[in-house]
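**Student:** Below you'll find the structure I mean.
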Amino acid sequence: MSETRSALIVDDEHDIRELLVLTLGRMGLRTDTAPTLTAAREMLSTVSYDLCLTDMRLPDGSGLELISDISTRFPNTPVAMITAFGNVEAAVEALKAGAFDFVSKPLDINVLRGLVRQALELNTKRQAQPDEASRLLGNSDAMVSLRQTRAARRPCTSAANRAPARNSSPAPSMRRARAPAARSCRSTAAPFRRS
């Protein structure tokens, strides 16, 4: 890659910011840091980032607010939440808000590196295939069929008909994926149920 990738690090703890700057810098990323939600929003208004890592608790707000902002304003920028160890509820809330993943404190550098690589790969895929159907990952017959069905339909514009964002990692228990039947955007039928 000739272009330097960039990351925004948002954490009120100086030591955590320094650790993340060093780690991501060694991975070849340019980093900017922000200690508060306000500072992060200011930086996002002037610079485009390939990745954002944010702490859950910030002095002037929540990392969930930042995740929601980025998901809305910069949908191609993956955001990962940094949570206190063992805080599963916070991680679930982050995923619901639009985070692609989370990492627990104390930070495991190897886990962090893997998360960053995955985020940059996701960012590259999103930029290469910006349409909605491309967010469906996998090459099984069912996934190919689902992408074709979605591409053939006109996109839904009603927020009530859009599915919530989900983590791109498939659940380990999903051995066979079956594509749901296509529904009209105007459909008020109950959600597809597996039989």
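Rule-based calculations on the coordinates, nothing more; no lab input. What you see is a predicted model, and the numbers here were worked out from it, not measured in a lab. Using ideal geometry, Cβ is built from the backbone for each residue, glycine included, and neighbour counts are taken over all protein chains shown.
**Student:** Which order do peptides 108-116, 87-95 fall in by mean Cβ count within 10 Å, highest first?
**Tutor:** 87-95, 108-116
**Student:** Apply 1/(1 + (r/R0)^6) to the Cβ-Cβ distance of ARG26 and LYS105, taking R0 = 22 Å, and write down the FRET efficiency to the nearest 0.05.
**Tutor:** My answer for the efficiency is 0.65.
**Student:** When each pair of different Cα atoms in region 6-128 is counted once in the 1/r mean, what is the Kirkwood radius in angstroms, to one decimal?
**Tutor:** In region 6-128 this quantity evaluates to 14.0 Å.
**Student:** Considering only ILE67, THR38, SER6, whose Cα is most displaced toward the positive end of the charge dipole of region 5-103, charges sitting on Cβ of Lys, Arg (+1) and Asp, Glu (-1)?
**Tutor:** Farthest towards the positive end: SER6.
**Student:** How much FRET efficiency would the formula 1/(1 + (r/R0)^6) give for VAL47 and MET143, where r is the Cβ-Cβ distance and R0 is 45 Å, rounded to 0.05?
**Tutor:** For VAL47 and MET143, the calculated efficiency is 0.85.
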